[in-house]
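Q: Below is the structure I would like to discuss, written out as structure tokens.
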Amino acid sequence: MSASPEADLTEDERAGLELVRQTGGIHQSEFWKELDVSSRKGSRIVESLAEKELIDREETVYEGHNTYLLSPTAMDLDFQLLMAGDMLSPFVADDELDEQSDAFSQFVMRLAYQ
Amino acid sequence: MAFEELLNDPVIQKYLHELVGPTGMPVAAAPPDGEVTDEELAEELGLELNDVRRALFILYENDLASYRRVRDEDSGWLTYLWTFEYDQIPEVLESEMYRLLDALESRRQYEADNEFYLCPEESIRFEFGEAMEFTFECPSCGADLESMSNDQLVRAMNERIEQLRDELNVESQDEAPA
């Protein structure tokens, strides 16, 4: 992974990416209207952002039409929400843990009293 | 070095550390571009070959590294060429966020459904039923158990649940218990 691919986006692409991130997910048929560009231009922006893996694009049906659902990639998520203080969610390294386990109690305590 | 952007995230570092431990961390934290052998890594990082192999194997088990075996034509020995596959870490952590959300929701229910007692000496917590069986005396030190509020715990869980739902775009189906 070299320099951030966001660095060389056009202004329209940047606005499009921002829109997807802000909405948390938007259909392509709404996307270009919101951006106030033509549908053709909208789909070029989407194409470019998806190719750079800055957004996810999933085929879907919306209001009776085939369209794409555009959503932010997992990398945009705030992983800090997996932390309580300096402790990582204990489920991460343990498949068998349940929510009554000591490790999770410790996590919850840390959340409340950190 | 590859995956620099990912490795700048402190939570991703923590995640790798959790998996491979402190000895394996130099291996996990500096994935080279392209393929590499365990010997090359050991030499480059100044680590024991066994520690490098252990770390690589843990990464492999977690789908974070893959290898390809090549036979050396002269010696007949097999060489393992390793590739780091960190692309899916964000997706893994995303599913961990869902898992944490589920766990917090069930735990909140449990906290709301029970009353708790605390041994002030040893900070051990008992459910009401347990405390009653011990006639409200700590079975370990004999101190009187005290009723304990878990309001702050529930508040902290509520807050994190809301943050996770918001971040993951999960609709809130039920109202938080008071």
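The values are calculated or read from the model by the stated rules, or taken from the named source; none is laboratory data. These numbers come from a predicted model, not from an experiment. Virtual Cβ from ideal backbone geometry, glycine too; neighbours counted across all protein chains shown.
Q: Could you figure out which of (1) at the interface with chain B (Cβ under 8 Å from one of its Cβ atoms); (2) touching a strand residue (DSSP E or B) at 6+ places or on another chain (Cβ under 8 Å) isn't true of A:V46?
A: (1)
Q: OK, next. Look at segment A:13-26 and say how many of its residues are farther than 30 Å from B:P31 by Cβ and surrounded by fewer than 17 Cβ atoms within 10 Å (Cβ to Cβ). Walk me through it before giving the result.
A: Initially, segment A:13-26 is screened for residues farther than 30 Å from B:P31 by Cβ, giving A:15-16, A:18-19, A:22-26.
Imposing the further condition that a residue be surrounded by fewer than 17 Cβ atoms within 10 Å (Cβ to Cβ) reduces the set to A:15, A:18, A:22-25.
Count: 6.
Q: Have a look at A:E58, A:E6 and point out the one that is under 24 Å from B:Q13 (Cα atoms), touching a residue at least 12 places away in the same chain (Cβ under 8 Å) and surrounded by fewer than 14 Cβ atoms within 10 Å (Cβ to Cβ).
A: Values: A:E58 fails: under 24 Å from B:Q13 (Cα atoms).
Being under 24 Å from B:Q13 (Cα atoms), touching a residue at least 12 places away in the same chain (Cβ under 8 Å) and surrounded by fewer than 14 Cβ atoms within 10 Å (Cβ to Cβ) holds for just one of A:E58, A:E6, which is A:E6.
Q: Let me ask another. Out of the residues in segment A:52-87 that are over 11 Å from the mean Cα position of the chain (by Cα) and in a helix (DSSP H, G or I), which is nearest to the other protein chains (Cβ to nearest Cβ)?
A: Filtering first and then ranking leaves A:F79.
Q: Still on this structure: Would you mention how many residues in segment B:78-116 are within 23 Å of B:G129 (Cα to Cα) and more than 8 Å from chain A (Cβ to nearest Cβ)?
A: Looking only at that region, the number is 9.
Q: Let me ask another. What's the number of the only condition in (1) in a helix (DSSP H, G or I); (2) over 16 Å from A:P72 (Cα atoms) that A:E18 fails to meet?
A: Result: A:E18 fails condition (2) only.
Q: Looking at segment B:75-85, can you tell me whether even one residue there is buried (at least 18 other Cβ atoms within 10 Å of the Cβ) and either within 21 Å of the chain's Cα centre (by Cα) or not in a loop (DSSP other than H, G, I, E, B) (or both)?
A: yes
Q: Limited to segment B:129-156, what total is found for residues that are touching a strand residue (DSSP E or B) at 6+ places or on another chain (Cβ under 9 Å), closer than 15 Å to A:S105 by Cα and without any contact (Cβ under 8 Å) to a residue 12 or more places away in the chain?
A: 1
Q: Can you find a residue that is of a type in the set (V, I, T) and in contact (Cβ under 8 Å) with a residue 60 or more places away in the chain anywhere in segment B:49-67? I'd like the intermediate steps shown before the answer.
A: So the first thing to find is which residues in segment B:49-67 are of a type in the set (V, I, T), and the list is B:52, B:58.
Filter once more, so that each one left must be in contact (Cβ under 8 Å) with a residue 60 or more places away in the chain: none.
Scanning segment B:49-67 turns up no residue that is of a type in the set (V, I, T) and in contact (Cβ under 8 Å) with a residue 60 or more places away in the chain.
Q: Right, another one. Restricting to segment B:36-68, name every residue that is of a type in the set (D, E) and under 30 Å from A:D76 (Cβ atoms). Reasoning before the result, please.
A: Within segment B:36-68, the subset of a type in the set (D, E) is B:38-40, B:43-44, B:48, B:51, B:61, B:63.
Result: B:E61, B:D63.
Q: Return the pairs, sorted by first residue and then second, in which the second residue is assigned to a loop (DSSP other than H, G, I, E, B), the first residue lies in segment B:102-128 and is buried (at least 19 other Cβ atoms within 10 Å of the Cβ), the beta carbons are less than 6 Å apart, and the residues are 6+ apart or on different chains.
A: If the second residue must be assigned to a loop (DSSP other than H, G, I, E, B), the pairs left are B:A103/A:E99; B:R107/A:E99; B:Y117/B:L145; B:C119/B:C138; B:C119/B:A143; B:C119/B:L145.
Q: If we keep just the residues of segment B:8-23 that are more than 9 Å from every other protein chain (Cβ to nearest Cβ) and more than 15 Å from A:A93 (Cα to Cα), which is modelled with the highest pLDDT?
A: Quick first cut of segment B:8-23, residues more than 9 Å from every other protein chain (Cβ to nearest Cβ) only: B:8, B:13, B:16, B:20-23.
Within this subset, residues satisfying the condition of being more than 15 Å from A:A93 (Cα to Cα) are B:8, B:23.
Working: B:N8: 90, B:T23: 94.
Checking each candidate, the answer is B:T23.
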